[in-house]
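Chemist: Please read through the structure below; I'll follow up with questions.
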Amino acid sequence: MRAVTFQAPGEVRVDEKPSPELEGPGDALVRVEASGICGSDLHIYHGRVQIEPGFTIGHEFVGTVIAAGDDVTRVAEGDRVLGTYCTACGDCFFCRRGDFHKCDHGRVFGHGATLGSLQGAQAEILEVPNADLTLRLVPEGVADEVALFAGDVMGTGYHAVVETGVGEGDSVAVLGLGPVGLCAVQAASAAGAAAVFAIDTVPERLAVAESFGAQPLHLTDSDVRKEVKAGTEGRGVDAAIDAVGHPDALDLACRLARKAGTVSATGVYAERIEMHMGVIWIKALTLKTGHANVIKHVDPVLEAISSGKLDPSPLVTHRMKLDEAPEAYEIYDRREALKIVLAP
């Protein structure tokens, strides 16, 4: 089978690899019909996240079940399914609390030995452990490239909003309008936020956020802090979401949040950074961090997508073949695409 493999920073390749086989009675094999390139894949591409050369990458997928172990009950051969970016056992201390993203036995697709040595989804066939938790049936009428978002990107934006407690009448700032940030903009509006400030430097992304009902703020061409204060009676926002994963974005999020507000560090952090603890402390901010609990959220996200309450379809700007993955990564790295979907 063909698979997209990491070779070195700035280099991916499409290789022929052996097709996977079922490893356990709770596992399934999926013929991948759509996979996405995610911002966190760029961290691998840049060498920021360590991974072994030759490892298959990617963690977003939709496809058809071609085999299922004897213990799999929620999906069956022939079912059209989407997968979450990570797996979970469902039975450890953390899973029993609903913290599936912190499962003692959890693994992340396409991230090498550091996160469980689970081969990635940018391939023709994928072996899926713990299929009953990892896979969901795609609702009738939902396109592959739309369903793809529920297993990671929209699930992550939704998680950021839910974890910060956004509700009716609240104000929210979203820093960074990549796919996750734009999904957070949609999720905040769907949760009832009265004001959503969308912050970035890319005009096209600001325009998309505005089409979702947010107030776009250019990071360098406007006084973001002044604009946010003016729109929140001088208080700052109830919740600020860093969807970038950069110290400057996290610092600004802390400064935009109101006293006793909440900040979500949703962007990926893989290294030590400096934070102004004095700002966090004196404002009594609550800081939420970590990758998203998508397994917990995938069912309500799918329901919202199916009903049209959430619609990530405008985010897909490029549709490319799996064999074009090296070019796709270059395009995405140059920020010439918002979301690229790969198909066999």
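The values are calculated or read from the model by the stated rules, or taken from the named source; none is laboratory data. Keep in mind the model is a prediction, meaning the values are calculated, not measured. Cβ sites come from the backbone with ideal geometry, for glycine too, and all protein chains shown count toward neighbours. Heavy atoms of the whole protein, side chains included, go into the accessibility calculation; ligands, DNA and RNA do not. Shrake-Rupley method; radii C 1.70, N 1.55, O 1.52, S 1.80 Å.
Chemist: Would you work out what percent of the accessible area of region 1-159, with all protein chains in place, is carbon or sulfur (probe 1.4 Å)?
Modeler: About 49 percent, which is the carbon plus sulfur part of the accessible surface.
Chemist: If you roll a 1.4 Å probe over region 233-334 with all protein chains in place, what percent of the accessible area is carbon or sulfur?
Modeler: 49 percent
Chemist: Taking 0.36 nm per residue of separation and subtracting the Cα-Cα distance, what length does fully extending GLU324 through THR114 add?
Modeler: Stretched fully, the GLU324-THR114 segment lengthens by 72.9 nm.
Chemist: Calculate the dipole size of region 126-241 relative to its Cα centre from +1 charges on Lys and Arg beta carbons and -1 charges on Asp and Glu beta carbons; express the result in debye to the nearest 20.
Modeler: Value, rounded to 20: 380 debye.
Chemist: Rolling a 1.4 angstrom probe over the protein chains, ignoring ligands and nucleic acids, what is the accessible area of ARG225 in square angstrom, nearest 10?
Modeler: About 110 Å², ignoring ligands and nucleic acids.
Chemist: Return one whole number: the accessible area per residue of the chain in Å², for a 1.4 Å probe.
Modeler: 42 Å²
Chemist: Kirkwood Rh over alpha-carbon pairs of region 129-273, then Stokes-Einstein at 25 °C and 0.890 mPa s: what D in µm² s⁻¹, rounded to an integer?
Modeler: Rounded, D is 158 µm²/s.
Chemist: To continue, here is another question. If ligands, DNA and RNA are left out, what is the accessible area of ILE305 with a 1.4 Å probe, given in Å² to the nearest 10?
Modeler: ILE305 exposes around 20 Å² with every protein chain in place.
Chemist: Sticking with this one: Under a cut-off of 16 Å between alpha-carbon atoms, report the aspartates and glutamates in cross-link reach of LYS102, not counting same-chain residues fewer than 8 places apart.
Modeler: ASP91, ASP152, GLU163
Chemist: Taking region 271-317, which GluC sites (Glu not before Pro) meet the DSSP loop condition and have no more than 15 other C-beta atoms within 10 Å?
Modeler: Answer by residue number: GLU271, GLU274.
Chemist: What value does region 1-107 have for Rg/Rh, both radii from Cα atoms and Rh as Kirkwood defines it?
Modeler: For region 1-107, the value is 0.99.
Chemist: Also, quick follow-up: With only Lys, Arg, Asp and Glu charged, each at its Cβ (+1 for the first two, -1 for the last two), find how big the charge dipole of region 225-344 is about the Cα centre; round to the nearest 20 debye.
Modeler: 680 debye
Chemist: Could you list which residues have their amide H under 5 Å from that of GLN215, counting only those 5 or more apart in sequence or on another chain, with H placed in the peptide plane?
Modeler: Long-range HN contacts for GLN215: VAL196, PHE197, ALA198.
Chemist: Same structure again: I need to check one value: relative contact order of the chain, counting alpha carbon pairs closer than 8 Å and at least 6 residues apart, in percent.
Modeler: Worked out over the chain, it gives 18 percent.
Chemist: Just how large is the dipole of the chain about the Cα centre, in debye to the nearest 20, putting +1 at every Lys and Arg Cβ and -1 at every Asp and Glu Cβ?
Modeler: 1200 debye
Chemist: Something else: With respect to the cross-link table entries LYS259/LYS296; LYS17/LYS321; LYS229/LYS283, which display a Cα-Cα separation exceeding 19 Å?
Modeler: Cα-Cα > 19 Å for LYS259/LYS296; rest within.
Chemist: Then there is this: Using only helices, what value at 222 nm comes out for the chain when you add -39,500 (n - 2.57) per DSSP H run of length 4 or more and divide by the total residues, to the nearest 500 deg cm²/dmol?
Modeler: Taken over the chain, the calculation gives -7500 deg cm²/dmol.
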